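Structure, as structure tokens:
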Amino acid sequence: MKKRNFRTIETNGVRLNTVVEGQGPLVILLHGWPQCWYLWRHQIDPLVEAGFQVAVPNQRGYDGSDAPEEIEAYDILNLTGDVVGIADALGQESFIVVGHDWGAPVAWNTALLYEERVNAVVGMSVPYFRYPIGALTKQENFGDNFWYMVYFQKPGIAEAEFETDIRRSIRIIHYSISASAPEGLLLNRKPSTSGFLDGLIDPQELPKGMTQEDLDYYVEQYKQSGFRGNLNWYRNMDRNMEITPQLSGKKISQPALFIAGEKDVVLKFPGINLNAMTELVPNLKGQVIVPSAGHWVPAEYPQKVNEALLGFLKDFAPQR
């Protein structure tokens, strides 16, 4: 694995273990769950070569970064504040923010809450949308069927399941929403009393975009961090809506891009509507749906993602 330049950045009351490479306009890359900075391993060098400074934090609750005890410490105001604090620490007045999975809502909301600081925004896998409080977190909305966001709400339960065998958990989670998995595997019905991993496949071969070295790296990260802090992000989903009423109906004004895999199960989640996003993001320059890709599109098809990302960012690259 290529040696990276890590810095401990103090921001918004926490310390974030952050890869910082290159010089130029700042691009901040935000990972999701269960990931870390390593998700962006294929994007860092092409962005640096295009003339950007790139900052890739392990976000709060992830390995090498602070993991506050309070659940509320992981709400959207804190997460977006962390992002802006990274730019401040690097002396950058404005920046571009790119997020995948949970990183995408953080990126979208950073663009909304810090409109004057964000020049452009890219979301991957999770389009911008707001949802009614409780819609994704209350069991009554799913009958007797298991829904993982409901399962994640109670502290300690999912942590215990995943930490029993971290390697197995990481392997199954990544496979289940990758392009290699049978279609709809994660959404297959099972009783509400199930665990997350129940009924999923422990693959004989690793999914597309993941090598044994990659799996080893993620396992070591999660052995250090555990799952408590990062699962607390899910426990703020309703709170995020409650504390940002000013964003209801507000549109993202910056130039924006959306990228997702054709087989990404997130596109079939309740409330997801790519057509509706064009109204909420009027300066959306494109929706790139990568053929045959699953959820982990930056790792599964890095060349396609890099082409789309660099094509979008060319207007912000320094002149050479």
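The values are calculated or read from the model by the stated rules, or taken from the named source; none is laboratory data. Bear in mind the structure is a predicted one, so any value in this text is a computation, not a measurement. Note that we place each Cβ from the backbone using ideal geometry, even for glycine, and neighbour counts take in every protein chain shown. Each accessible area value is taken on the protein alone, full model and side chains, heavy atoms only, with ligands, DNA and RNA left out. Shrake-Rupley method; radii C 1.70, N 1.55, O 1.52, S 1.80 Å.
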Next on the checklist: Can you return the lysines within cross-link range of LYS208? Criterion is Cα-Cα under 29 Å, with same-chain partners fewer than 8 residues away left out.
Outcome noted: LYS2, LYS3, LYS190, LYS223, LYS263, LYS268, LYS285, LYS304, LYS314
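Counting alpha carbon pairs within less than 8 Å and at least 6 residues apart, what relative contact order, in whole percent, applies to the chain?
Working: 607 pairs, mean separation 65.5, N = 320.
Once divided by the residue count of the chain, the mean separation gives 20 percent.
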Item to check | Rounded tilt (10° steps) of 103-113 against the dominant C-alpha axis of the chain | outcome: 50 degrees
Checklist entry - Given H placed 1.01 Å from N in the peptide plane, which residues other than close sequence neighbours of LEU30 have an amide H under 5 Å from its amide H? => result VAL98, GLY99, HIS100
Checklist entry - Given the Cα-Cα distance of GLN254 and GLU93 and 0.36 nm per residue of separation, how much length would full extension add, in nm? => result 56.4 nm
Next on the checklist: Using 0.36 nm times the number of residues separating LYS268 and LYS138, minus their current alpha carbon distance, what extension gain do you get?
Outcome noted: 45.0 nm
Checklist entry - Calculated from DSSP H runs of 4 or more alone, at -39500 (n - 2.57) each and per residue, what is the 222 nm mean residue ellipticity of the chain, nearest 500? => result -8500 deg cm²/dmol
Checklist entry - Among bridges DSSP assigns within the chain, what percent are antiparallel (round to 5)? => result 30 percent
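What full-extension length gain, to one decimal in nm, is calculated for GLN224 and ASN188 as 0.36 nm per residue of separation minus the Cα-Cα distance?
Values: separation 36, 0.36 × 36 = 12.96 nm, distance 3.14 nm.
Roughly 9.8 nm would be gained on extension.
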Checklist entry - Looking at the chain, which longest stretch skips every one of the GluC sites (Glu not before Pro) that is in a DSSP loop with at most 12 other Cβ atoms within 10 Å, leaving the sites themselves out? => result 206-320
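Over all distinct Cα pairs, what is the inverse of the mean 1/r for the range 170-247, reported as the Kirkwood hydrodynamic radius in Å? The partial results should precede the final answer.
On the way: mean 1/r = 0.0667 Å⁻¹.
Evaluated on the range 170-247, it is 15.0 Å.
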Checklist outcome for this item: Reported to the nearest 10 Å², TYR128 has, with a 1.4 Å probe, an accessible area equal to 10 Å²
Checklist entry - To the nearest 10 degrees, how steeply does helix 302-313 sit against the main Cα axis of the chain, on a 0 to 90 scale? => result 40 degrees
